[in-house]
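Asks: Have a look at this one before I ask anything.
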Amino acid sequence: MSASTGHGGAPLLEARDVARHYSVGTGFLRPRATVRALDGVSFERSRGRTLAVVGESGCGKSTLARQLALLETPTSGTLRIEGVDVAHADGAARRALRRTVQMVFQNPFASLNPRKRIGAALAEPLAINRPELGRAERTERAAAMLARVGLRPEHIGRYPHMFSGGQRQRIAIARALMLEPQIVVADEPVSALDVSIQAQVLNLLMDLQAETAVAYVFISHNLAVVELIADEVVVMYLGRVMERAPKAALFAAPRHPYTRALLASTPRVGATRGREALARAASTAFASELASPLALPSGCVFRARCPHAVAACADVRPPLEELGGGHAAACIRVREIG
Amino acid sequence: MAMNERPPLLEVRGLTVEFPVGGGASLVAVDDVSFHVDAGEVVGIVGESGSGKSVTALALMGLVDEPGRVRAERLVFAGGDLQRMTARERRSLLGNDIAMIFQDPMTSLNPSFTVAFQLMETLALHEGGSRRARRARALELLRAVEIADAELRLDAFPHQLSGGMSQRVMLAMAIACSPRLLIADEPTTALDVTVQAQMLALLKKLQEERGMALLLITHDLGVVAEVVDRVLVMYGGQVVETAPVPLAFDVPRHPYTEALLAALPERNLGRRRLSALPGIVPGAFDRPHGCLLSPRCPHVQPRCRGERPALFPLDESRARCFFPLPTHAEVGLP
């Protein structure tokens, strides 16, 4: 992990055993239960690179995004941004960190205030975090950012409903970049968009990274998008990391049975796959669906759906074992199954 | 296509759906769409938001509400003219011979009733029988759609089911009367990939076992590639290309199909930029005079801007383009 240290020595982003649990009611007069939405997640991230977090509904990827964007504080574990421990930061320090981390959400129809003109939406982060800038300066920066994400100057006075989904997502990206953050956490930023618009927005994200060296934490369920945009990939399942690897290694030689099932299930257009692949995916994949996060199984959380599961899988929670080359997998049979 | 001597199960010619938008103007959601579905065939309609693919399905089902206007030269199912039927005749056709499942299974089920109640209600409407017989049939249907612990699920309420299970219940309801055509509008879009793979395999299996025709509407080219026999590509309410499936993706003849394929992330690995069509789909008020794709098309010629192309027949496909893309043979590829 030595390559991932940032300019200042400390990694830009460092998570150590980060957990986030929620207490939920299970019904009238019943005891409250704990949902382990995020359960011991660790990784590091350096400047100008893209970490992709993949997994299905309920795997904890959006919970992770909320911790990284300082919208919530982890229940346990350490999360450091630019070396600052988030849990122990006071109000001023948290405000400073918010300038470092910004967020882009999935649904551009819900993430923009419908009653606010685009110019005002873009200038607002500056008004809050950079009060020393004058109004004219803020408007000027908003206009410049609008041009950078490929929108026209006259758009600054318009309302969100006057834009298409792709344009709104450009605006949301522009707003996230207004404070020149080091990290942008993007939670499913292209999943609400059509294929051709998705390509435009992915191009924009890649261009902006080349210009500004911003690091992305790119949260997605779409493996094809991840394969294109990521440098490193973390695969999550029911709040835990199943596999972590540099992108090329993960897609060329996935080691965890869950990652393999996920890759096999993704429908693709192409000569290497076909109808047989579909049948294979459905059979090798899963007899059952996701376990309830309220009653996680003992040992490995994936064992109920795993084709390689043995009795020992129920005994211990498999640690994330380093396999060399930055590749790690949480499976006790990882060396047997090849 | 193989059964040319037999009339198709569903024949649609010149289907147009318009919604008035005030001032005498109207939004053309579906523009002169023609296609057919043979018995037991899997046909896909693929397109982006606003391409008219869902409205096409709703028009077939007779579910386009006022003030929408549906017109067609021909709308024939199994020899019966859908436009000449009385409302009652058409209703009995739906559910019995044509069934439909929708994208969002969570909102398609009634949250106040159990799975058994809803399945038995469908059965009472279409085939009758005693309560006990209908409950047995409901269980049989849940087993047919491979729901785990089917007996337990009978008395579950929709909120107790996952998205994948809800979609299986919807499918159980749809196949209850052994329809000859199942219309599935984005049936797996709301599901996770691993559940999607199971669902697609199940749809394909039921379709093959029951000899049912399937009209699959989706935005996902990967889903089309893995399930469908023949695809219609829609853009701006029009069919721009139709072709058998491996061919449509190996040798696209319409620039829009080519652009959709080129924009797929998996076709751009290792590149700095994805190939992306500039601009967006035309809206109600900026439909071009000529070819609908002309403002965005990389191969546009002066003729394309002045004149609307028809859906020209090519070797094995049809493309709505004056200058269709060459086949592999034409450019000297194997």
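Asks: Using a simple charge model, +1 on the beta-carbon of Lys and Arg, -1 on the beta-carbon of Asp and Glu, nothing else, what dipole does the protein assembly as shown show about its Cα centre, in debye to the nearest 20? Each step should come with its number before you reach the end.
Replies: Working: 77 positive and 69 negative charges, 236 e Å.
The dipole of the protein assembly as shown has a size of about 1140 debye.
Asks: With only Lys, Arg, Asp and Glu charged, each at its Cβ (+1 for the first two, -1 for the last two), find how big the charge dipole of segment B:107-176 is about the Cα centre; round to the nearest 20 debye. Provide the component values of the computation, followed by the final result.
Replies: Numbers: 8 positive and 7 negative charges, 32 e Å.
Roughly 160 debye for segment B:107-176.
Asks: Using alpha-carbon pairs under 8 Å, 6+ residues apart, how would you state the relative contact order of chain A in percent?
Replies: Working: 609 pairs, mean separation 65.0, N = 338.
It comes to 19 percent, rounded to a whole number.
Asks: OK, next. Per residue of chain B, what 222 nm ellipticity follows from adding -39500 (n - 2.57) for every DSSP H run with n ≥ 4, rounded to the nearest 500? Display every interim value, and only then the final one.
Replies: Details: 12 runs with 110 residues, N = 334.
For chain B, the value works out to -9500 deg cm²/dmol.
Asks: Rounded to a whole number, what is D in µm²/s for the protein assembly as shown from Stokes-Einstein with the Kirkwood radius over alpha-carbon pairs (20 °C, 1.002 mPa s)? List each step's numbers first, then the result.
Replies: Working: Rh = 27.1 Å.
Rounded, D is 79 µm²/s.
Asks: How large is the helix-only mean residue ellipticity at 222 nm for chain A, computed as the sum of -39500 (n - 2.57) over DSSP H runs with n ≥ 4, divided by its residue count, in deg cm²/dmol to the nearest 500?
Replies: Numbers: 10 runs with 107 residues, N = 338.
After summing the helix terms and dividing by the residues of chain A, the value is -9500 deg cm²/dmol.
Asks: Then there is this: By what distance, in whole Å, do the Cα atoms of segment B:107-176 stretch along each of the three principal axes, largest value first?
Replies: Reported extents, whole Å, longest axis first: 30, 22, 19.
Asks: At 37 °C and a viscosity of 0.692 mPa s, what translational diffusion coefficient does Stokes-Einstein give for chain A, taking Rh as the Kirkwood radius over Cα pairs? Give it in µm²/s as a whole number. Present the calculation step by step, with values, prior to reporting the outcome.
Replies: Numbers: Rh = 21.3 Å.
It diffuses with D of about 154 µm²/s by this estimate.
Asks: How much of the DSSP beta bridge set in chain B is antiparallel, as a percent to the nearest 5?
Replies: On the way: 28 of 47 bridges.
Bridges in chain B are about 60 percent antiparallel.
Asks: While we're on this one: Once label points are set 7 Å from the Cα along Cα→Cβ at both B:Arg71 and B:Asp286, what is their separation, rounded to one decimal in nm?
Replies: Distance between the two pseudo-spin positions: 2.7 nm.
Asks: Still on this model: Given axes a ≥ b ≥ c from the Cα gyration tensor, I'd like to know whether segment A:142-232 is rounded (a/c under 1.5), prolate (a/b larger than b/c) or oblate. Mind showing how you got there, number by number?
Replies: Details: a/c = 2.09, a/b = 1.33, b/c = 1.57.
Oblate.
Asks: Using alpha carbons only, how many degrees (0 to 90, rounded to 10) separate the axis of helix B:163-174 from the longest principal axis of chain B?
Replies: Helix B:163-174 sits at roughly 80 degrees to that axis.
Asks: With just the Cα atoms of chain B, tell me how far they stretch along each of the three principal axes, in Å, largest first.
Replies: Largest first, chain B extends 68, 50, 44 Å along its Cα principal axes.
Asks: Something else now. Please list, ordered by chain and number, the residues whose modelled amide H lies under 5 Å from the amide H of A:Glu321; skip anything fewer than 5 residues away on the same chain.
Replies: A:Ala329, A:Ala330, A:Cys331
Asks: So for the protein assembly as shown: antiparallel DSSP bridges make up what percent, rounded to the nearest 5?
Replies: Working: 55 of 92 bridges.
Bridges in the protein assembly as shown are about 60 percent antiparallel.
Asks: Of all the C-alpha pairs in segment B:29-80, what % are more than 18 Å from each other? Before the final figure, lay out each step's value.
Replies: On the way: 465 of 1326 pairs.
I get 35 percent for the Cα pairs in segment B:29-80 exceeding 18 Å.
Asks: Turning to a different aspect of this structure: Expected output is a single nm value to one decimal: the length gained when fully extending between B:Arg131 and B:Ala25, i.e. 0.36 nm times separation in residues minus the C-alpha distance. What is it?
Replies: Here the segment from B:Arg131 to B:Ala25 would lengthen by 33.0 nm.
Asks: Take every residue in peptide B:219-228, count the Cβ atoms of other chains within 10 Å of its Cβ, and give the average of those counts.
Replies: Working: counts 2, 3, 4, 8, 4, 2, 9, 11, 3, 1.
Other-chain Cβ atoms within 10 Å of each residue's Cβ, averaged: 5.
Asks: Follow-up question, since we're still on this one. Ranked from highest to lowest mean number of other Cβ atoms within 10 Å per residue, what is the order of the peptides B:7-15, A:11-19, A:129-137, A:59-67? Present the calculation step by step, with values, prior to reporting the outcome.
Replies: Values: B:7-15: 19.2, A:11-19: 20.9, A:129-137: 11.1, A:59-67: 24.1.
Ranking, from highest mean packing down: A:59-67, A:11-19, B:7-15, A:129-137.
Asks: Can I ask one more? Specify the angular offset, from 0 to 90 degrees and rounded to the nearest 10, of the alpha carbon long axis of helix B:115-126 from the longest principal axis of the alpha carbons in chain B.
Replies: 80 degrees
Asks: Give me the compactness ratio for segment A:125-173, meaning the Cα radius of gyration over 2.2 N^0.38 Å.
Replies: On the way: Rg = 11.5 Å, N = 49, 2.2 N^0.38 = 9.7 Å.
For segment A:125-173, the normalised Cα radius of gyration is 1.19.
Asks: Enter the mean number of other protein chain beta carbons within 10 Å of the beta carbon of each residue in A:158-168, as an integer. Don't jump to the answer; show the numbers that get you there.
Replies: Working: counts 0, 0, 0, 0, 0, 0, 5, 2, 2, 1, 0.
For peptide A:158-168, the averaged partner shielding equals 1.
Asks: Continuing with this model, one more query. Using r as the Cβ-Cβ distance of A:Ala295 and B:Thr189, and R0 as 25 Å, what FRET efficiency do you calculate, to the nearest 0.05? Intermediate values should be presented prior to the final figure.
Replies: Details: r = 29 Å, r/R0 = 1.14.
For A:Ala295 and B:Thr189, the calculated efficiency is 0.30.
Asks: Right, next: Between the helical axis of B:131-144 and the dominant principal axis of chain B, each derived from Cα atoms, what acute angle in degrees is found, rounded to the nearest 10?
Replies: Value to nearest ten degrees: 40.
Asks: Dividing the Cα convex hull volume of segment A:33-175 by residue count, how many Å³ per residue is that?
Replies: Details: hull volume 22.1 nm³, N = 143.
Residue-normalised Cα hull volume stands at 154 Å³.
Asks: What number, in percent, do you get for the relative contact order of segment B:107-176 if the mean sequence gap of Cα pairs under 8 Å and at least 6 apart is divided by its residue count?
Replies: Details: 65 pairs, mean separation 32.3, N = 70.
Across segment B:107-176, relative contact order equals 46 percent.
Asks: Identify, among B:Ala124, B:Leu206, B:Pro20, the residue whose Cα sits farthest towards the positive end of the charge dipole of the protein assembly as shown, taking +1 on the Cβ of Lys and Arg and -1 on the Cβ of Asp and Glu, with the dipole about the Cα centre.
Replies: B:Pro20
Laboratory data are not the source of any read-out in this text; all were calculated from the coordinates shown. The structure presented is a predicted model; accordingly, all values stated were derived computationally and were not measured. With ideal geometry, Cβ positions are generated from the backbone for all residues, glycine too; neighbour counts draw on all protein chains shown.
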